[in-house]
Amino acid sequence: MLAKNNLPSPMAVLLAFHREMRRVLITGITGQDGSYLAELLLEKGYKVYGVARRTSHDALERIRHLQGKIELVSADLLDQGSVDELVRTVKPAELYNLAAQSFVQTSWQQPILTSEVTALGVTRVLEAIRRHKPDTKFYQASSSEMYGKALEAPQDEETPFHPRSPYAVSKVYGHYITINYRESFGLFAVSGILFNHESPRRGIEFVTRKVTDGVARIKLGLQQDLSLGDLTARRDWGFAGDYVSAMWRMLQQPKPGNFVVATGETHTVKEWVEAAFSAAGLDWKKHVRQDPRFMRPAEVPLLLGDYSKARKVLKWKPTVGFKQLVEMMVQADLERVGREAARSEEGPLG
């Protein structure tokens, strides 16, 4: 659209400016949350860039259906220069930092790597924003694991932290460095303290997905038993697809802040197991074995979130209940494992 003097019209300039302002960058886009968030932002008209490490094709499985709709870029959160170049090149209006070594059990085995990525990686991203695009709105993925051996229940934005793993300690660092950059440099930096959130895209190493995958394999006759750790631990479980909406809403507020995102309900691992086996018509007592190898060095006994602030300020609430979530994941794993078994029977020439 050109004006008579062959210069862009005011409307064209406005539209171009709007498109520029709608650029968004997601670190950890290949993970569960990253894939759901990318879908949401595409629906809202954003130009979505995602950081994907050059590992294997399997790492892109959760976003394969988004190929051609998002742009993948390479960066290393362990390297400040790499992160600087990322922010300088993409110039995002919003940046969601979901990248982390996010498996608690692995953090005990790799505490230094966990700290470098999950803690210092946050600082590198914030520093890149401060240096190159200070008007970028920043979201930090904090975790209910920060509460650890919580002093009170339910936990809200003011509850003291008592982290019980290298992962949780790293998340506490990331949480406070986000607050520090907000208060010190005036960045629009928010922290979402998300309680456990699951989906059919959850990593197989997490107990919820380990259970639903195991149920599917037992139902289809591919295995007999399922070995688990502590069945008494209580968690506040919600649906990841709900929770990414809360992330986006945080960055649409007039002022930055911290928000707990949860369901306000708590269930034991045993309850999750019972619901999952029941969804497949199985008796869990005939198949589940407790194994000390899967016990944490320091267990987190109870997590229960109070999302009153998110409900009031963000106008957010969960839409998927506990039983519906479990059944959704069991059904998805039954279908996936069934397909895999069928392909295996067909063989390479099938």
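So how do 242-248, 301-307 stack up, highest first, on mean other-Cβ count within 10 Å?
Descending mean neighbour count gives 242-248, 301-307.
To the nearest 500 deg cm²/dmol, what mean residue ellipticity at 222 nm is calculated for the chain from DSSP H runs of n ≥ 4 alone, each contributing -39,500 (n - 2.57), summed and divided by the residues?
Roughly -12500 deg cm²/dmol at 222 nm, from the helical runs in the chain.
Over the alpha carbons of the chain, what is the largest minus smallest coordinate on each principal axis, giving the biggest first in Å?
The Cα atoms of the chain stretch 79, 57, 38 Å along their principal axes.
With 25 Å as the limit, write out which pairs from Lys270/Lys323; Lys210/Lys317; Lys47/Lys323; Lys149/Lys270; Lys47/Lys133; Lys133/Lys255 have Cα-Cα distances beyond it, or answer none.
Result: Lys210/Lys317; Lys47/Lys323 exceed 25 Å.
Per residue, how large is the accessible surface of the range 167-316? Use a 1.4 angstrom probe and give square angstrom.
41 Å²
Tell me the relative contact order for the range 164-260 as a rounded percent, counting alpha carbon contacts under 8 Å between residues six or more apart.
Averaging sequence separation for qualifying contacts and normalising by length gives 37 percent for the range 164-260.
List the trypsin sites (Lys or Arg not before Pro) within the range 258-329 that DSSP assigns to loop and that have no more than 16 neighbouring Cβ atoms inside 10 Å.
Those satisfying the criteria are Lys315.
Expressed as a whole number of Å, what is the distance separating the alpha-carbon centroids of the range 201-264 and the range 105-154?
19 Å
Please state the relative contact order of the chain as a whole percent: Cα pairs under 8 Å, 6+ residues apart?
Relative contact order of the chain: 16 percent.
Whole-Hz Karplus ³J(HN,Hα) for the range 131-136, in order, using 6.51 cos²θ - 1.76 cosθ + 1.60 and θ = phi - 60°, x for Gly and Pro?
6, 10, 7, x, 8, 5
Could you tell me how many degrees, from 0 to 90 and to the nearest 10, lie between the Cα long axis of helix 322-346 and the main elongation axis, the longest principal axis, of the Cα atoms of the chain?
80 degrees
The values are calculated or read from the model by the stated rules, or taken from the named source; none is laboratory data. All values derive from a computational prediction rather than experimental measurement. Please note: Cβ atoms are built from the backbone with ideal geometry, for glycine as well, and neighbour counts cover all protein chains shown. When the accessible area is computed, the model is the full protein with side chains, heavy atoms only, and any ligands, DNA or RNA have been set aside. Shrake-Rupley method; radii C 1.70, N 1.55, O 1.52, S 1.80 Å.
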